[in-house]
Amino acid sequence: MSNIQINDISTRAQYTASGGQTVFSYTFPIKSQTDLAVYQRDPDAMPVDANDILILTLDYSVSGANTASGGTVTLIVPAAAGDIITILGARPIDRLSIYDQSVTLSKSDLNNDFNNNVMFEKQTETFLDEITPKYNRNELVGPDSRPDKLVLPMLKDGEVWAGRGSSGSSQDDIVAINVGSLIDLDAEFVLGTANLDFPNAQSLGGLGTGILFNLDDGTTGTLSITNIGPGLTLNSATKTLDTVGTGFNVTWYTVTTSTAMQTSSGYIANSGALVDLTLPPTAAVGDALMILGRGAGLWSLSQAAGQVVHFGNVSTTAGVGGSITATNRRDTMILVCSVSGLEWTVMSSQGSLTIQ
């Protein structure tokens, strides 16, 4: 093949087979039967190269190697009607011959290697021209305009990459489409900056201290978020978030001596001697207290006049005579005020506590 001319011809041929067809031509030169890759697939199947590629001698034979005009591929088993047959130039891109400085270089050697180089370049060019979508050289390319065909399309604001498919001028096209065509433009969004692409978009800056919400009746409003406590509930009448005093926002203290407790606080009793913890004299409904045992001296909860603690169906003695005492250093208890300043209820506990 060293003395033949290699023309400017694509190294790809594709056919839609007729029923029983076995012979398919290729018009580009190859040096060896192994310089082709042949694929066959059902037209309704997804193309998968690893599944569609045929095997030389087992699935097909090749004629026309070492001729400038190409040759034919003959299938061993005839194709079904509609089968897609693709023939590609697939000569391995390598260099196996090395010039020996002691041997005179012949014209035949030069022609052979030049032919190899052109074949490699034509295979690459075919891939870029016919397999990969590309832009036309005379199309305007800029920040506000883009060609219809790009290897990777230049995107404008709000665009994503997508395949044009059969609806466009070429099924190989990759185009940029506006994201608005993928979503409901009438839907409501909260955006950092309102975008005219979304008619109902809301600007976060215009919402002040609130957030946008919808009610079941179809109306919208702003949830005002002020003085958020440990819990929240939606007030559909006033369109506000109301706090719910679950009381679990607590500040923790480690104590080693008798202590008068404060509301919304947690106490870690850590002493070798008994730590006496006294209920706060005033508390609002929903205020919480937490007690966690750590030291070997244990802890005890004391009451003031008029106070009482309810533990399930058991209550402490009302007033200063009532108490709850740990029996294990790791005993814990969570209390919530149920009557302002006077009555507390144990929501949770761990260990065996003594109630008086």
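Given the options 39, 60, name the one that is aromatic (Phe, Trp, Tyr), under 19 Å from residue 22 (Cβ atoms) and in contact with a helix residue (DSSP H, G or I) (Cβ under 8 Å, 6 or more places away or on another chain).
Values: 60 fails: in contact with a helix residue (DSSP H, G or I) (Cβ under 8 Å, 6 or more places away or on another chain).
Being aromatic (Phe, Trp, Tyr), under 19 Å from residue 22 (Cβ atoms) and in contact with a helix residue (DSSP H, G or I) (Cβ under 8 Å, 6 or more places away or on another chain) holds for just one of 39, 60, which is 39.
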Output for segment 308-355, where each listed residue is of a type in the set (S, T, N, Q) and either within 19 Å of residue 267 (Cα to Cα) or not assigned by TED's automatic domain parsing to the domain that holds residue 281 (or both): 323, 325, 327, 328, 332, 345, 348, 349, 350, 352, 354
Sole miss for residue 72 among (1) in a strand (DSSP E or B); (2) modelled with pLDDT under 95 is condition (2)
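For the structure I just gave you, tell me whether residue 50 is touching a residue at least 24 places away in the same chain (Cβ under 8 Å) and either farther than 14 Å from residue 78 by Cα or not in a loop (DSSP other than H, G, I, E, B) (or both).
Numbers: touching a residue at least 24 places away in the same chain (Cβ under 8 Å): no; either farther than 14 Å from residue 78 by Cα or not in a loop (DSSP other than H, G, I, E, B) (or both): yes.
Here the answer is no, as residue 50 does not meet what is asked.
Rundown of residues vs (1) exposed (fewer than 12 other Cβ atoms within 10 Å of the Cβ); (2) not assigned by TED's automatic domain parsing to the domain that holds residue 113, yes/no style:
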{"site": "7", "(1), (2)": "no, yes"}
{"site": "20", "(1), (2)": "yes, no"}
{"site": "24", "(1), (2)": "no, no"}
{"site": "53", "(1), (2)": "no, no"}
{"site": "59", "(1), (2)": "no, no"}
{"site": "63", "(1), (2)": "no, no"}
{"site": "68", "(1), (2)": "no, no"}
What are the pairs, 6+ residues apart or on separate chains, where a residue within segment 109-122 that is over 14 Å from residue 89 (Cβ atoms) has its Cβ under 6 Å from a residue that is of a type in the set (S, T, N, Q) and not in a helix (DSSP H, G or I)? 111/2; 111/3; 112/2
Scanning segment 317-340 residue by residue, the ones that are of a type in the set (S, T, N, Q), under 19 Å from residue 284 (Cα atoms) and either without any contact (Cβ under 8 Å) to a residue 40 or more places away in the chain or out of contact with any Ser or Thr (no Cβ under 7 Å at 6 or more places or on another chain) (or both) total 1
Take residue 27 and tell me if it is more than 37 Å from the chain's Cα centre (by Cα), among the polar types (S, T, N, Q) and at pLDDT 95 or above. no
Need pairs with beta-carbon distance below 7 Å; first residue assigned by TED's automatic domain parsing to the domain that holds residue 35 and within segment 92-104, second among the aliphatic types (A, V, I, L, M); sequence gap 6+ or separate chains. 99/105
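The values are calculated or read from the model by the stated rules, or taken from the named source; none is laboratory data. Bear in mind the structure is a predicted one, so any value in this text is a computation, not a measurement. All Cβ positions, glycine included, derive from the backbone under ideal geometry; neighbour counts span all protein chains shown.
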